[in-house]
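Taking it in order: structure first as structure tokens, then the write-up.
Just so you know, all these numbers are worked out from the coordinates, no wet-lab data involved. Note that the structure is predicted; figures quoted are calculated from it, not measured. So basically every Cβ, Gly included, is an ideal-geometry build from the backbone, and we count neighbours across all protein chains shown.
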Amino acid sequence: MNYLNSQLQLTRQKILSEIEGINPELFDIQTKGFNNTLHWHIGHILTVTEQFLLGYPHTNHLPANYGELFGYGSKPADWKGDVPSVEVLVQQLQEQANRILAIPEERYSEKLAQPFLGLETVGEIFTFALFHESNHLGQIHAMKRVIDAAN
């Protein structure tokens, strides 16, 4: 197994263990000092990683409304319609990890159709996706601590 796959598995495991056991009533609390909720962060990780590595919204793996709910610049205060539960998002994160792990290593050197933030290959965007997930893992961890301290 290559280092990117190992890092994805580690990061996803940490995200899932961080949210495990949280009282479901706390997922939609927007704590002071944070722009979003735990629920939003979970959906955001899923949606943006799907965009980076698997072609969302041009895939059948996630519903079309996920971009509006969890994409860049979205926020729970604007949510309308059918919002997936945290349980559904967690299941989709697990399924998504399997799809990412199935990407052949030789694809990592393929050029992106259009560079993104100076990144030019699938492997480079993979490393950025891992950075992005780790950043949101830190946000989840901090929010959880604030919520735990308040309750």
- Note on the structure: Charge tally for neighbours of His141 with beta carbon under 14 Å away, counting Lys, Arg as +1 and Asp, Glu as -1, is -1
- The summed charge of the His132 Cβ neighbourhood (under 15 Å; Lys/Arg +1, Asp/Glu -1) stands at -1
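Would you please give the FRET efficiency between Asn151 and Ser109, computed as 1/(1 + (r/R0)^6) with r the Cβ-Cβ distance and R0 = 35 Å, to the nearest 0.05?
0.15
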- Query: Where in region 29-60 is the amide nitrogen less than 20 Å from a point lying 7 Å along the Cα-to-Cβ axis of Lys80?
  - Reply: 40
- Message: Would any residue of region 60-84 have its amide N under 17 Å from a label point 7 Å out along Cα→Cβ of Asn35? List them or say none.
- Response: 67-79
- Query: In whole Å, how far is the Cα centre of region 15-55 from that of region 84-151?
  - Reply: 11 Å
- By how many nm would the segment from Asn65 to Ser6 lengthen if fully extended, with 0.36 nm per residue of separation less the alpha-carbon distance? 18.2 nm
- Note on the structure: Within the set Leu69, Leu130, Leu16, GNM on the chain using Cα springs under 10 Å gives the largest fluctuation to Leu16
- Task: Work out how much length His141 to Val88 would gain on full extension: take 0.36 nm times their residue separation and subtract the Cα-Cα distance, in nm to one decimal.
- Result: 17.0 nm
- Task: Within region 32-73, which residues have the backbone N less than 12 Å from the label spot 7 Å out from Ile22 along Cα→beta-carbon, could you tell me?
- Result: 36-45
